[in-house]
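First up is the structure itself, then whatever we jot down about it.
The numbers here are math on the coordinates, done by the rules we state, and not lab data. Just so you know, these numbers come straight off a predicted model, no measurement behind them. Cβ coordinates were reconstructed from backbone atoms using ideal geometry, including for glycine residues, and neighbour counts include every protein chain displayed.
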Amino acid sequence: MIVLLFTALGLVQQPAPRTIAIDERLAADAGISIGDRVIVSTRPNAKGGDTVVVSGIVKRGADPSEIARSEYKIRMHLDQLQSLAGYGDRVDRFAVATRDKAATESALAAINAAAFGFEAHRSRDIAVGTSKTFQVVSRFHKAIGLITIVASAIFLLCVMLLKVEERRRDVAALRLMGISRTTVVKAVVAEAALLALVGSALGIGIGWAASQFINWYYQGVYRTPLHFSVITADIVTLAVTLSLVLGIGAGLLASLRLVRTPPLALFGR
Amino acid sequence: MTLAREKAVFSWAGYDDEAPPPVVEARDLARDYPFGAERVHALRGVTFAITEGEYIAIAGPSGCGKSTLLNLIGVIDHPTRGEVCIRGQNVGGMRDREATAFRLRNIGFVFQRFYLMPTLSARENVELPMAEAGIARVERAARARELLSYVGLEARERHRPAQLSGGEQQRVAIARALANRPAILLADEPTGELDAKTGAEIIGLFGRLNADGTTVIVVTHDEDLASSAHRKIHMRDGVIVPG
């Protein structure tokens, strides 16, 4: 009786619209906020479609493979998606979250054995497969890094040779005063090591600032939280170690060249 | 203020026991340099002796062999012929390592262009030869202060060379040369880069140093400096000539 009464009065509640979540890029581009009603359909401008309420805006994940794709993503309830797509109880791909490694192995075995045409892969294997492009890019980066190191080593050696050349007469005076070759070599090498340390500290500072700028710029361009440039502790350690080794090597070469020259020749006599 | 000098006792064959022993002795000293296919005779058999406490000026025109003689006395170069002894030790045939150690403890050099280390303070510059000689930090700091005070720069010990005038820099260089209490102080044109007034101050300082017991040998074109010495060695064409 009560239901009928409500029907007659037009007060029967319509089922509440289903909810969806959209990604922040779509929300920004379309000017959609939480609580807005939108129509979702499988094709643009298609008749029909479901009216849904936006109940969440999702931050995009830091996935390198999605950077170049200009796609929007929405998340909706599975039954609604099935009905909207007309796929019924059918999916092309689905993900299974497992508790541990053993569960992963058993899920893999169960899915692969379920029927012909079913293929299950670990997410790690898929990541490796889709990262091949990045591996090639990474090799290019390493090659560029190697060339930079060789160029820096030559530059450092030239700087040290020039610095030492500037001091020929000072070193000659030191040698005449009785300062030994060993002391001169130690002093030049210590200076070179200090120069290398200061240089690497400056380099790390500049690298960090450049990295911040690159991340700020490309995160804006691609609207992603992905970090395009990262300076890790390993990178810092490698840079300082390389710099020190190269600096000491350059200092040693330059100073040995200097102390092998007789003091009078250094004075130009 | 006077510098404490360490008087050593030497036995010198052929010298009168009453006379002060020679601190530098050159016998038939010659030095040739190859010049293309020819040989240049920079020094052609020089013999002389300098006793402890003397003040000697080596003078003569350019190319007469003054600097070659200074190099040989300073154990920087090897003679082609003859021998040079300092404090009785023949230094002509010393190898580089031995010569370097000898110079450190026995010879103080003063150059025309000072050659102070630009990144070190005046005191640190004076301490440099003492540090090389292994003198303890406290002792060398005290000695450096004493020397800087002697040359009138006690108030400038923390200044770097760039903050000092030419005359002050030369005085620091002189203090540095005296750091290890050398047997002789060798100066090569020490007033060459200075104006007349500052040059006169340096000449006065050399005179005071000598009066306090330091053996001073200067090579110079400066007549005032040469005149301040007790004895002049005039050179021409690689030999000593009467003045």
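If the cut-off is a Cα-Cα distance under 16 Å, which aspartates and glutamates reach A:Lys73, setting aside same-chain residues fewer than 8 apart in sequence?
A:Asp23, A:Glu24, A:Asp29, A:Asp63
How charged is the neighbourhood of A:Ala27? Take every other residue with its Cβ under 15 Å from the Cβ of A:Ala27, and add Lys/Arg as +1 and Asp/Glu as -1.
Once all neighbours under 15 Å are counted, the net charge is +2.
Hey, what D do you get for the range B:3-241 in µm²/s if you plug the Kirkwood alpha-carbon radius into Stokes-Einstein at 25 °C and 0.890 mPa s?
134
Computed over the Cα atoms of the protein assembly as shown, what is the ratio Rg over Rh, Rh following Kirkwood?
1.38
How much of the DSSP beta bridge set in the protein assembly as shown is antiparallel, as a percent to the nearest 5?
Of the beta bridges lying entirely in the protein assembly as shown, close to 55 percent run antiparallel.
Give the aspartates and glutamates whose C-alpha is closer than 12 Å to that of B:Lys66, dropping any in the same chain fewer than 8 places away, or say none.
Answer for B:Lys66, where 12 Å is the Cα cut-off: B:Asp188, B:Glu189, B:Asp237, listed by chain and number.
In the range B:3-241, if the dipole is taken from +1 on Lys/Arg beta carbons and -1 on Asp/Glu beta carbons about the Cα centre, which of B:Ile184, B:Tyr115, B:Asn71 is farthest to the positive end?
Farthest towards the positive end: B:Tyr115.
Please compute, for peptide B:110-119, the average count of beta-carbon atoms on other protein chains lying within 10 Å of each residue's beta-carbon.
Numbers: counts 0, 6, 0, 4, 1, 10, 2, 5, 2, 1.
Average per residue, whole number: 3.
Which lysines, if any, have their Cα less than 20 Å from the Cα of A:Lys132, not counting same-chain residues under 8 positions apart?
A:Lys142
Can you pull a Stokes-Einstein diffusion coefficient for chain A at 4 °C (1.567 mPa s), Rh from Kirkwood over Cα pairs, as a whole number of µm²/s?
50
Give me the compactness ratio for the range A:134-266, meaning the Cα radius of gyration over 2.2 N^0.38 Å.
On the way: Rg = 19.9 Å, N = 133, 2.2 N^0.38 = 14.1 Å.
The reported ratio for this selection is 1.41.
What is chain A's relative contact order, in percent, from Cα pairs under 8 angstrom and six or more apart in sequence?
Once divided by the residue count of chain A, the mean separation gives 19 percent.
Ranking request for peptides A:118-126, A:52-60: highest mean number of other beta-carbon atoms within 10 Å first, then the rest in descending order.
Details: A:118-126: 11.1, A:52-60: 15.6.
Packing order, densest peptide first, comes out as A:52-60, A:118-126.
For the protein assembly as shown, what is the mean residue ellipticity at 222 nm derived from helices alone (per DSSP H run of n ≥ 4: -39500 (n - 2.57); sum divided by total residues; nearest 500 deg cm²/dmol)?
Values: 17 runs with 241 residues, N = 512.
Calculated from helices alone, the mean residue ellipticity at 222 nm is -15000 deg cm²/dmol.
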